[in-house]
Structures are given as structure tokens and as C-alpha cells.
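The values are calculated or read from the model by the stated rules, or taken from the named source; none is laboratory data. If you're wondering where the values come from, they're calculated on a predicted model, not measured in any experiment. Cβ: placed from backbone, ideal geometry, glycine included. Neighbour counts: every protein chain shown.
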Amino acid sequence: MARNLDPKCRQCRREGEKLFLKGEKCFTDKCAIERRNYPPGQHGQKQSRLSGYGVQLREKQKVRRIYGLLERQFRKNYKDASRSKAVTGEALLQILESRLDSVVHRMGFGASRTEARQIVRHNGILVNGKRVNIPSFQCNPGDVVEVAQPAKDQLRIKGAAEAMESRGFAEWLEVDAKALKGIFKARPQRSELPSTINESLIVELYSK
């Protein structure tokens, strides 16, 4: 499976904001954005004005990096969203948040989406009692997502669940952090998702 192997902190600096790609490190003073909030590279500290297309492209790249997708898969999700009856931008975010790796991360079973994806790939997650190892699997409202028994003893999963519990879970999830089990109650509404994402720019970009 193709992956983006660029350093996580450089990706955040390129977009100029925290994308929370490194788990707990992003909540500490060691975060790269806290120390060097400018794009990486020799000319990173030079200010440059973006064109309209550049602004749209940066927004698309930012969302791609947040959810850890390459262009081909991201475009496929956009096409699925554009075919739905809902508003395209909101439908796109709902599709991305309904991915199994995103749900596992939001439930606190993985400190980052990358770690959550690894747990899914290594047969560490059950959906409605059945083992699912496909990160892009689309969860439906009412699905029960649980850490498989052998993986429940992993300290990194327990630690991630405790950290997420202290920060609070998303409104569209019901999670038992002690049992490492949760319910995907509903697809999130736009008001429940980060306001730092401007999905309309992505729609404008792909509509050209």
C-alpha cells in the first residue's frame, strides 16, 4: 500500500498549523509548530502571497494530510461525496470521518491516525464482532467498534485511550475507554467538525 513517508512535523509546518499527526507530541511544547511556525526548507521564512488556486490547493493538501490519504484515494472519496444527495463538502468530511482508521483514532484506540491505521492493519479491531483490517472500511451508524482481545493488553492502546478520555470524545461516538469499546452513533454534523477546515475550497478546486 502506498504511503506518504514525509516527516509528520514538516507536513504540519508546510500547512502552517497543527494537523495532529504525531499523537501526544502535538499537545506538548515539543510540537514543531510551537517552535518553528514557518514552512520547512531554505526559503521557508520568506513570505509569499498565494493565488486563488494556491489557496485551494493548500486546503486540499491540508485535509489529505490530516486523514493520511494520497491523491488517488482522496479524489475517489470526493467523487463519492459529489454523487450523494448531501452538500458535497460536508459529505466528503463525513466520508473521511467514517473511515475505520478515523473512528479508531477518535475513540482513542490509537494516538494518531497513522497508529490507528497500523492497529487496524494488524487485525487489532473488531466491527460488530468481526475482524476488519481495512482502514478505509466505512462505518455505519450503530456499528460497534472494539479492540480485539489480544491487542487489549498493549500499553500504547491503553495509554492512548486514557489520554483521549481526559480530552473528551467526539459527540457522534459513545466510548467505554476501560473496555476499549465504542459505538459509532451517527455521521458527524458539520458543526461538530473542526472549523479550521474550509471544505468549500476543495469543492471549488475539483470543480474546475
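So the values come out like this:
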{"read-out": "Those residues of region 160-172 which are farther than 16 Å from Arg113 by Cα and surrounded by 17 or more Cβ atoms within 10 Å (Cβ to Cβ), in sequence order", "value": "Trp172"}
{"read-out": "Qualifying residue in region 186-201 (condition: charged (D, E, K, R) and part of a loop (DSSP other than H, G, I, E, B))", "value": "yes"}
{"read-out": "Search result, residues across region 173-200 that are within 20 Å of Val147 (Cα to Cα) and touching a residue at least 40 places away in the same chain (Cβ under 8 Å)", "value": "Leu173, Val175, Ala177, Leu180, Gly182, Ile183, Phe184, Lys185, Ala186"}
{"read-out": "Complete set of residues in region 95-104 that are touching a residue at least 60 places away in the same chain (Cβ under 8 Å) and either farther than 22 Å from Arg121 by Cα or among the aliphatic types (A, V, I, L, M) (or both)", "value": "Val103"}
{"read-out": "Flag if Val127 is at pLDDT 95 or above and in contact with a Cys (Cβ under 9 Å, 6 or more places away or on another chain)", "value": "yes"}
{"read-out": "Residue among Glu204, Glu165 that alone is in contact (Cβ under 8 Å) with a residue 24 or more places away in the chain, within 23 Å of Lys60 (Cβ to Cβ) and not in a loop (DSSP other than H, G, I, E, B)", "value": "Glu204"}
{"read-out": "Total residues in region 92-151, condition of a type in the set (Lys, Arg), over 19 Å from Glu174 (Cβ atoms) and under 17 Å from the mean Cα position of the chain (by Cα)", "value": "3"}
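Residue-wise test of (1) over 22 Å from Ser191 (Cβ atoms); (2) surrounded by fewer than 16 Cβ atoms within 10 Å (Cβ to Cβ); (3) at pLDDT 85 or above.
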| position | (1), (2), (3) |
| --- | --- |
| Lys18 | no, no, no |
| Asp29 | yes, yes, no |
| Gln45 | yes, yes, no |
| Gly54 | yes, yes, yes |
| Phe74 | yes, no, yes |
| Ala116 | yes, no, yes |
